[in-house]
């Protein structure tokens with residue numbers, strides 16, 4: 001029984017009506033009257049809960065109106081709190097007084113679903129993801145909005161945060177950035193070289209993914225989930241599939257679970273190696289950049305040779321996996337890891353003994369532990385700032401319930417810590433992969449999927465290499481996709497970057513940004 | 001320092017030896033590419049990469065073109081931060097509604113004559129994102145495109161091949 005659920009039912013009595021949510025994760029759902037929605041946030045905040053996600057859904061096809069959800073979590077115990085919102089009064093109580101990240105979630109709800117948060121602590125109603133040149137009444141997530149239409153452009157202006165004073169100046173960066181990276185806009189206010197404020201403007205790569213899901217079959221949804229953020233294709237497809245399997249009551253065969261975990265750890269390895277390389281590169285240590293990207297390339301090539309795709313796209317499907325480990329695969333991976341780890345340790349010695357690198361990485365871009373907690377950050381960003389969060393441990397699926405990952409938590413909160421968490425996780429992923437291969441169960445790799453029943457909800461969380469990914473699915477009146485809510489780790493971790501760069505010098509921004517390396521596409525959807 | 005030198009000598013040149021089929025392909029494509037670049041672009045083809053809405057999968061492979069295994073710089077291919085220096089725009093897609101203006105401005109800022117290559121299934125035709133209120137589909141629906149490199153994502157070899165096919169196919 002969920003402790004979180006007990007807290008709410010005890011506090012609200014008959015006002016808290018249990019709802020149904022189907023999930024492989026420990027999660028419960030409760031419906032509350034709209035006027036008591038914020039009160040739940042107070043109660044749960046006191047209980048130490050983190051606001052993990054916050055979204056809205058249009059349930060008119062199901063004969064209801066709108067609904068707003070907040071997802072809270074303590075130590076892998078998830079709770080969904082829902083309140084209904086009538087069509088003629090599309091407003092809901094803001095949670096910003098209790099939870100900082102709620103302001104981003106709520107701007108997004110207001111922009112894309114047209115539901116207005118009331119009692120917003122910052123009164124920040126600037127659109128988010130929706131740009132100022134969209135028609136004001138374009139709310140794409142509403143059922144009445146035709147997703148196939150072409151949007152006209154209207155005149156509009158985005159009011160930026162300003163800073164004035166002698167010697168204060170602004171640096172606008174992007175959306176097209178200098179390197180080979182995704183687009184987004186950063187606006188710095190600086191004094192000399194010191195950053196006094198950074199405001200992020202994201203949404204440039206908004207592709208209408210959540211709306212797109214609603215026109216796809218459940219099977220095709222797995223392909224789209226695998227393209228929410230290309231570098232996390234395994235993790236996203238996996239979270240979607242697990243939510244869907246929860247919704248359909250489908251049990252993937254044991255071997256599929258283990259292969260999925262194998263893919264997930266290989267994705268973590270490849271991305272962490274690439275990130276360590278990029279951090280070294282932004283500190284002008286080109287030698288390490290080339291060495292680590294070489295190691296990353298070996299992982300990608302083995303992936304292609306064994307599983308047919310360098311990034312393992314579309315290898316995770318609803319009900320299991322689409323590709324098995326070839327008969328010589330285990331041996332090949334073991335040899336690959338032996339060579340990789342030997343090289344890796346040599347390079348880490350060089351990394352560790354390099355004072356000029358240390359000078360750039362230590363005490364740069366500090367995200368204090370309490371701020372990391374209050375902002376609701378997840379993944380390696382949170383772990384580098386003292387937060388013991390890892391869904392592989394707190395909400396495990398097989399084989400993580402039998403082979404436990406090592407929880408790497410550091411407290412220096414700087415670029416170095418974010419790099420070092422990755423270094424430790426590379427080592428641990430190699431260990432996990434070896435153990436998976438030793439104990440890999442035999443059998444089928446895919447189960448048949450039943451179509452979901454109408455008006456049901458599915459939920460899943462998975463620790464991708466960037467952190468906790470959440471999917472919430474709802475089926476419509478004929479069992480089709482009515483809503484697919486995606487919460488990439490970037491949705492919350494981008495907030496951390498804005499805070500971590502304060503007081504740093506402008507030339508250290510690329511280094512700070514690389515140490516976060518958040519996804520634009522996963523955030524913008 | 002000795003450790004670094006030691007590691008460099010131990011690693012050697014990873015682009016050789018070429019036993020693997022894929023690696024052999026890199027060098028074959030690369031040699032022809034180098035020849036075409038020498039002839040047409042005075043030994044240096046400068047590329048500005050623009051993400052106009054991709055899922056970042058294509059970016060991973062474009063970055064991989066620069067790793068020591070593919071090392072596209074040896075063929076004279078450089079990536080530049082400014083479109084003002086670019087001979088070619090390498091554009092990934094689909095083009096999002098929110099990136100349309102920035103993409104057009106980048107195109108206008110690139111001096112003529114210029115080449116535009118659409119990268120990835122989504123850059124070619126919108127891919128799984130299709131055309132919607134937020135996605136305008138392939139790059140060709142927003143700016144003139146000279147070549148398309150399909151794939152999800154196209155591998156570094158596919159990218160080198162695609163660039164070669166374009167500059168080789170053009171008359172000198």
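The values are calculated or read from the model by the stated rules, or taken from the named source; none is laboratory data. All figures in this text were calculated on a predicted structure; none of them were measured in a lab. Here the Cβ positions follow ideal geometry from the backbone for every residue, glycine too, while neighbour counts run over all protein chains shown.
Here's the yes/no breakdown for (1) over 24 Å from residue A:326 (Cβ atoms); (2) surrounded by fewer than 22 Cβ atoms within 10 Å (Cβ to Cβ); (3) touching a helix residue (DSSP H, G or I) at 6+ places or on another chain (Cβ under 9 Å):
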position	(1), (2), (3)
A:207	yes, no, yes
A:217	yes, yes, no
A:234	no, no, yes
A:239	yes, no, yes
A:252	no, no, yes
A:259	no, no, yes
A:269	no, no, yes
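A single member of B:68, B:83 is farther than 22 Å from residue A:305 by Cα and within 11 Å of chain A (Cβ to nearest Cβ), and it is B:83. For region B:6-56, the set of residues classified as more than 14 Å from chain A (Cβ to nearest Cβ) and modelled with pLDDT of 85 or more consists of B:45 only.
Every residue, every condition in (1) in contact (Cβ under 8 Å) with a residue 12 or more places away in the chain; (2) out of contact with any strand residue (DSSP E or B) (no Cβ under 9 Å at 6 or more places or on another chain); (3) under 28 Å from residue B:154 (Cβ atoms); (4) at the interface with another protein chain (Cβ under 10 Å from one of its Cβ atoms), yes or no:
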{"position": "A:309", "(1), (2), (3), (4)": "no, yes, yes, yes"}
{"position": "A:321", "(1), (2), (3), (4)": "yes, no, yes, no"}
{"position": "A:325", "(1), (2), (3), (4)": "yes, yes, yes, no"}
{"position": "A:335", "(1), (2), (3), (4)": "no, yes, no, no"}
{"position": "A:339", "(1), (2), (3), (4)": "yes, yes, yes, no"}
{"position": "A:350", "(1), (2), (3), (4)": "yes, yes, no, yes"}
{"position": "A:353", "(1), (2), (3), (4)": "no, yes, no, yes"}
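With a requirement of 3 or more residues that are under 24 Å from residue A:201 (Cα atoms), the helices (runs of 4 or more DSSP H) lying completely within region B:36-154 that satisfy it span B:57-64, B:100-109. Every condition in (1) in contact with a strand residue (DSSP E or B) (Cβ under 6 Å, 6 or more places away or on another chain); (2) at pLDDT 95 or above holds for residue A:391 except the one numbered (2). Taking the criterion of being free of Cβ contacts under 8 Å to residues at least 24 places away in the same chain and within 23 Å of residue A:491 (Cα to Cα), would at least one residue in region A:74-87 satisfy it? No, that holds for no residue.
Looking only at residues in region B:130-149 that are more than 14 Å from chain A (Cβ to nearest Cβ) and surrounded by fewer than 24 Cβ atoms within 10 Å (Cβ to Cβ), the one that is nearest to residue A:136 (Cα to Cα) is B:140. Total residues in region B:110-126 satisfying the condition of being in contact with a strand residue (DSSP E or B) (Cβ under 9 Å, 6 or more places away or on another chain) and surrounded by fewer than 24 Cβ atoms within 10 Å (Cβ to Cβ): the figure is 7. For residue A:138, state whether it is surrounded by 14 or more Cβ atoms within 10 Å (Cβ to Cβ), touching a strand residue (DSSP E or B) at 6+ places or on another chain (Cβ under 8 Å) and either in a loop (DSSP other than H, G, I, E, B) or within 12 Å of chain B (Cβ to nearest Cβ) (or both). Answer is no for this residue. So is residue B:90 under 12 Å from the mean Cα position of the chain (by Cα) and closer than 30 Å to residue A:128 by Cβ or not? Against the criterion (under 12 Å from the mean Cα position of the chain (by Cα) and closer than 30 Å to residue A:128 by Cβ), residue B:90 qualifies.
Taken over region A:367-386, the criterion of being surrounded by fewer than 23 Cβ atoms within 10 Å (Cβ to Cβ) and in a loop (DSSP other than H, G, I, E, B) is satisfied by A:368, A:386. So for region A:150-167 (the condition being farther than 24 Å from residue A:514 by Cα, within 13 Å of chain B (Cβ to nearest Cβ) and crowded, with 17+ Cβ neighbours inside 10 Å), does at least one residue qualify? The answer is yes, given that some residue of region A:150-167 is farther than 24 Å from residue A:514 by Cα, within 13 Å of chain B (Cβ to nearest Cβ) and crowded, with 17+ Cβ neighbours inside 10 Å.
A single member of B:115, B:60, B:90 is within 12 Å of chain A (Cβ to nearest Cβ) and closer than 15 Å to residue B:140 by Cα, and it is B:90. Taking region A:423-525 and the helices (runs of 4 or more DSSP H) fully enclosed by it, the elements with 3 or more residues that are in contact with a strand residue (DSSP E or B) (Cβ under 9 Å, 6 or more places away or on another chain) and within 27 Å of residue A:224 (Cα to Cα) are at A:490-500, A:520-524.
Against the test of being within 26 Å of residue A:519 (Cα to Cα), within 14 Å of chain B (Cβ to nearest Cβ) and touching a residue at least 24 places away in the same chain (Cβ under 8 Å), the options A:212, A:187 yield a single qualifying residue, A:212. Filtering region A:190-209 to residues that are away from every other protein chain (no Cβ under 14 Å) and part of a loop (DSSP other than H, G, I, E, B) leaves A:192, A:193.
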